[in-house]
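Comments concern the structure below.
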Amino acid sequence: MRIDTELGLLGAAPVLEPPVAPELPRPGTSREPPPPPAPPAVPVGRRAWTLRRERWLPVLALAAPCLIAVALCVWQLSTRSLWLDEGASVSIASQHGDALWRALAHDGGNMLVYYLLLHALIGLFGDAEAVIRVPSVIATVATVAITGMIGRRLFDRRVAFAAALLTALSLPLVFWGQDARGYAPLVTFSAASFLAFVVLMEGDPARPPSSWWLGGYVLSTVLAGYLGFVGALVVPAQLLLLGFRPRHSRALLGAMGVTALAWAPLLVLATARGSSQLFWVPRPNMESIGQTLRWLTSAGMPPNFHRTATATTLMVISIVVLVVALTLTLRRFRAAWAARRLEGESFSTLVVLAWLVVPIALSLAESAAGQPILLFRNAVICLPAVALAMAWVLLRTRLPVRLGWLALGGLLALRALQLAPSYGVSPEDWKAAERYVSAHTRPGDCIAFYPLDGRMPFDYYVRGGEAAAGRPVMSTGVPVPLPIDPPTPWAQNPPYVEDYSTPTNAELMQIERSCPRMWFVASHEGQRHGPPVSRTNFIRYRVLGATLQLGYREHRRRNFGWAAQIEVELLSARQPAH
């Protein structure tokens, strides 16, 4: 022991213990640790139910809002009276041959594809209210489905479901879904263009883009332009997004070029027509901006419908949610741009923001610097983007999930409160005006319109009364005044779009001599304080009305509707000739 101690003091290396041989595994055993205990077995029936649920939930998330949209658009589809523009749709689409093409060119090519579709539909099934409004019903349901598909692509199933519900319960979209105009299909194909654009932008950059989706993008974007000029505003928004994320840029720029070439005939027609059809649209002001905000938030449709008690509440809440969406989107965009990683949800929210902001900004710029356009109608192509932005804020941000669903339910309830009073209500009640005139018409009565546009919806209900009675107009049992301005027989229905012509003095004298009683129907007669052309038309209306009144001693007036009042005046008891 002393020797060992001395060696240790001298710094000698300590004696090491001999290595212990590792214990060899026993035969039949493994060196790896034992596996964790297996989870409890899931019954086969429950596993199959889980798989079926995962398969059908995405379908149900779209099917339920679509069924709601069908119910909301079909309910009382034929109750609301045609208004002036619907009368123009029927009149234009009812023409044939050269008359049809002249009518399309007179409208500058606007809604050209819609008029051709309606022309084919009327030729097959007639022009009943339900028939001519069915395309808009189908388009609105398709818009709900496409909005949900975009929400699923950009975010998740919850956002898709919520955005589809918000789209289905939108007063402007349901109104246009019950209307014989091209606005509902315009929104549908604008949304379809964005769906194809999103799919192409999300594709693998290492692989060529899908030719099917490229074709779908071109087709939907071209049709959006031919359904309404405002449909072209989706392309600048997409170009902006392509600048931030140039994925498949060559293919998409080529598709946009093909779209521009396809729009060339439309551009020729629009240039030849000019902007004279927008003579009545004023410059942007606080009233028009307020109308646009109410349309965007589905908090009303001024001047079509009266404001409800909860309309302002819905508008304020919706604007707050949209401002939050805008703020969060810009914040995430700055962070992603600084990190050079504009991917995932940062890009998804930017898509929604561009869709919402760019068309409205361009419309405002055009209205301020060039020809004013109707802001609130143009804003309809942004309604799916509004639904997506609100659904994202409520269900994908830091808001508690339960609170988000409760807020969504509250917004849907408020939207329903705006929608319910609109059913069965006619802002322009041409149906009631025609019934009133027919009920009080005597043999020898005459009728004149100012502008001549009013003849189109009035004629629609005259022909409807003829069909119901089973005998021609002007015969016994179908009392209708003799048309003298315009003097076209009721059996014919030529389009009179924005025709503010008036009879000459000689024609007025002949009218006074031949008509013991005169019905004078006026609507959209011009604006007392509107743009110059609109003021001129209003003055022309006042002069014509005063001239007719000079030939008759008794005047009785009745008004119908409120969005653009229909004034029906009966002039009787002719003044003695001098």
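The values are calculated or read from the model by the stated rules, or taken from the named source; none is laboratory data. On a predicted model such as this, the values are computed, not experimentally measured, just so you know. Cβ coordinates were reconstructed from backbone atoms using ideal geometry, including for glycine residues, and neighbour counts include every protein chain displayed. With ligands, DNA and RNA removed, areas are computed over all heavy atoms of the protein, side chains included. Shrake-Rupley method; radii C 1.70, N 1.55, O 1.52, S 1.80 Å.
Worth pointing out:
- Mean Cβ count within 10 Å, highest first, over the residues of peptides 484-496, 548-560: 484-496, 548-560
- The residues of region 153-217 expose, per residue, 30 Å² of accessible area to a 1.4 Å probe.
- Once you reduce region 299-332 and region 380-437 to the center of their Cα atoms, the two points are 10 Å from each other.
- Region 300-405, accessible area per residue, ligands and nucleic acids excluded (1.4 Å, Å²): 46 Å²
- Carbon plus sulfur fraction of accessible area for the chain, probe 1.4 Å, in percent: 65 percent
- Nitroxide proxy distance, nm - points 7 Å out along Cα→Cβ at Ala564 and Leu550: 2.9 nm
- Placing a label point 7 Å from the Cα of Arg398 along the Cα-to-Cβ direction, the residues of region 303-328 with a backbone N closer than 16 Å are 324-328.
- For Ala99 and Gln371, the difference between the fully extended length at 0.36 nm per residue and the C-alpha to C-alpha distance is 95.0 nm.
- Taken one residue at a time, the phi angles of region 96-112 give Karplus couplings (6.51, -1.76, 1.60, θ = phi - 60°) of 9, x, 4, 5, 5, 5, 5, 5, 5, 5, 5, 8, x, x, 5, 6, 4 Hz. Gly and Pro are set to x.
- In this calculation the C-beta distance from Arg247 to Val316 is compared with R0 = 45 Å, giving a FRET efficiency of 0.70.
- Options Gly87, Gln492, Leu296, ranked by Cα towards positive dipole end of the chain, top entry (Cβ charges): Leu296
- Gyration tensor verdict on region 242-315 (Cα atoms; rounded if a/c is under 1.5, prolate if a/b is larger than b/c, oblate otherwise): oblate
- Cα shape, region 371-446, gyration tensor, a/c 1.5 rule: oblate
- Estimated from the Cβ-Cβ distance and a Förster radius of 35 angstrom, the FRET efficiency linking Thr536 and Trp75 is about 0.25.
- Per residue value of the accessible surface for region 66-128 (all protein chains in place, 1.4 Å probe), Å²: 42 Å²
- Sequence-separation-based contact order of the chain, relative, with Cα cut under 8 Å and 6+ spacing, percent: 15 percent
- Residues within the reach of a label modelled at Ala491 (point 7 angstrom out along Cα to beta-carbon, backbone nitrogen below 20 Å), restricted to region 404-444, are 444.
- Selection among Asn285, His555, Ala99 by position relative to the dipole of the chain gives Asn285 as farthest towards the positive end (Cβ unit charges, Cα centre).
- For peptides 75-83, 450-458, 326-334, 265-273, sequence by mean Cβ density within 10 Å, most packed first: 450-458, 75-83, 326-334, 265-273
- Accessible area per residue was computed with a 1.4 Å probe on protein heavy atoms; Val401 scores about 80 Å².
- For the chain, a simple Cβ point-charge model (Lys and Arg +1, Asp and Glu -1, everything else neutral) yields a dipole of about 940 debye relative to the Cα centre.
- Set of region 442-466 residues, backbone N closer than 18 Å to the point 7 Å along the Cα-Cβ line of Gln510: 445-449
- Dipole size of region 83-155 about its Cα centre, with +1 on Lys/Arg Cβ and -1 on Asp/Glu Cβ: approximately 440 debye, rounded to the nearest 20.
- Close amide H contacts of Thr310 (hydrogens built in the peptide plane, cut-off under 5 Å, sequence separation of 5 or more or a different chain): none are found.
- Full-extension gain in nm, Ser572 to His529, via 0.36 nm per residue minus C-alpha separation: 12.4 nm
- For Leu482, the residues whose modelled amide H falls within less than 5 Å of its own, excluding neighbours fewer than 5 places apart on the same chain, are Asp445, Cys446, Ile447.
- Leading residue at positive end of dipole, the chain (Cβ point charges), from Ala385, Leu328, Gly216: Leu328
- Dipole magnitude of region 504-567, debye to nearest 20 (Cβ charges: Lys/Arg +1, Asp/Glu -1, about Cα centre): 160 debye
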